[in-house]
1. So which residues in segment 155-209 are charged (D, E, K, R) and within 17 Å of Ser117 (Cα to Cα)?
2. Do the conditions hold for Gln215, that is, is it farther than 16 Å from Asn25 by Cα and of a type in the set (S, T, N, Q)?
3. For segment 162-199, which positions are hydroxyl-bearing (Ser, Thr, Tyr) and out of contact with any Ser or Thr (no Cβ under 9 Å at 6 or more places or on another chain)?
4. Being modelled with pLDDT under 95 and either assigned to a loop (DSSP other than H, G, I, E, B) or farther than 17 Å from Lys36 by Cα (or both) is the requirement here; does Val211 meet it?
5. So, in segment 147-167, how many residues would count as being within 15 Å of Ser200 (Cβ to Cβ) and not acidic (Asp, Glu)?
6. Where in segment 1-108 are there strands (runs of 3 or more DSSP E), lying wholly inside it, with at least 2 residues that are modelled with pLDDT under 85 and exposed (fewer than 15 other Cβ atoms within 10 Å of the Cβ)?
7. Would you confirm whether or not segment 151-169 contains a residue that is assigned to a strand (DSSP E or B) and either in the same structural domain as Val27 (by TED's automatic domain parsing) or within 23 Å of the chain's Cα centre (by Cα) (or both)?
8. Go through Ala188, Ala181, Ala192, Ala244 for me and flag whichever is closer than 30 Å to Met12 by Cβ, of a type outside the set (Asp, Glu) and either surrounded by 12 or more Cβ atoms within 10 Å (Cβ to Cβ) or modelled with pLDDT of 95 or more (or both).
Amino acid sequence: MLRGIYYAASGMLAQQINGDTISNNIVNMESPGYKKDTAVMSSFQKVLLHYIVKEKDKPEAAAVGYTARGTQVAEVHTSFKQGELKATGRPLDVAIVGDGFFVVQYGEEVRLTRNGSFKIDSEGYLVTGNGLRVLGENGLIVLNDEDGISISDDGTIYEDGQEVDRLLVVDFADRAVLTKAGENTFTAPDDAQAVQPQYSIRQGYLEMSNVDAAQEMTDLIMMMRIYEANQRVVQTYDKVLEQAVREVGNLK
């Protein structure tokens, strides 16, 4: 009987993580370059049940069969599907069409992002909306004013007709190794295999999130129903246990 409580409780915990994931997707629907997360469910590792039998006064274990131990979130999968492009007209808004990520400096490390909403900070560096400096193929990018700036399809930045640098865009053979690091950025392990991205840059556009609002609301409703079903199972087991304890206590 207690095993049933454990199964239902594990289902509630898994759906709680699923709900947090869906809620985060909904919150970031309007965040440029945001990539949707999905909680992938699986059963806990199966265990082999045995029962003890007595053969010639010597207890031996006989196999009953396998049983699972409930539900867990095996992983949170990130979809890197292309988001829709939104025209802004700003010369420092750029979108990647195709593969790859912009590279930004975060303290002593570098991070990746698909958010191309850039600006020029007080020191003249090209930065993200969060103030992270954007890297070009020759290092940090320094500009004077966004007026007169043009960016070609391959990411080359021109200021008043003079070439400044080219936006550094990188990609990896297995994007599953990338980890979300906050502020709409990703980190890659040192041993991640880099590949040449196939892309073009669109100036005056932003890539919006790839979150489908209708699908997320449907998933959220389904999550709540599954959570409530597991909750009712726990409550039912609790009442049965309460009754069992009460009646056993009255046995004479």
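The values are calculated or read from the model by the stated rules, or taken from the named source; none is laboratory data. No experiment lies behind these values; they were computed from the predicted model shown. Here Cβ is always computed from backbone atoms with ideal geometry, including for glycine, and neighbour counts include all displayed protein chains.
1. Filtering segment 155-209 for residues charged (D, E, K, R) gives 159-160, 163, 165-166, 171, 174-175, 180, 183, 190-191, 202, 207.
Arg166, Glu183, Arg202, Glu207 - these are the residues of segment 155-209 that are charged (D, E, K, R) and within 17 Å of Ser117 (Cα to Cα).
2. No: the conditions fail for Gln215.
3. Tyr199
4. On the way: modelled with pLDDT under 95: no; either assigned to a loop (DSSP other than H, G, I, E, B) or farther than 17 Å from Lys36 by Cα (or both): yes.
Against the criterion (modelled with pLDDT under 95 and either assigned to a loop (DSSP other than H, G, I, E, B) or farther than 17 Å from Lys36 by Cα (or both)), Val211 does not qualify.
5. Counting residues in segment 147-167 that are within 15 Å of Ser200 (Cβ to Cβ) and not acidic (Asp, Glu) gives 8.
6. Those strands (runs of 3 or more DSSP E) span 37-43, 47-55, 58-67.
7. Of segment 151-169, the ones assigned to a strand (DSSP E or B) are 151, 156-159, 162-167, 169.
Next, from what is left, pick out any that are either in the same structural domain as Val27 (by TED's automatic domain parsing) or within 23 Å of the chain's Cα centre (by Cα) (or both): 169.
Scanning segment 151-169, I find at least one residue that is assigned to a strand (DSSP E or B) and either in the same structural domain as Val27 (by TED's automatic domain parsing) or within 23 Å of the chain's Cα centre (by Cα) (or both), so the answer is yes.
8. Ala181
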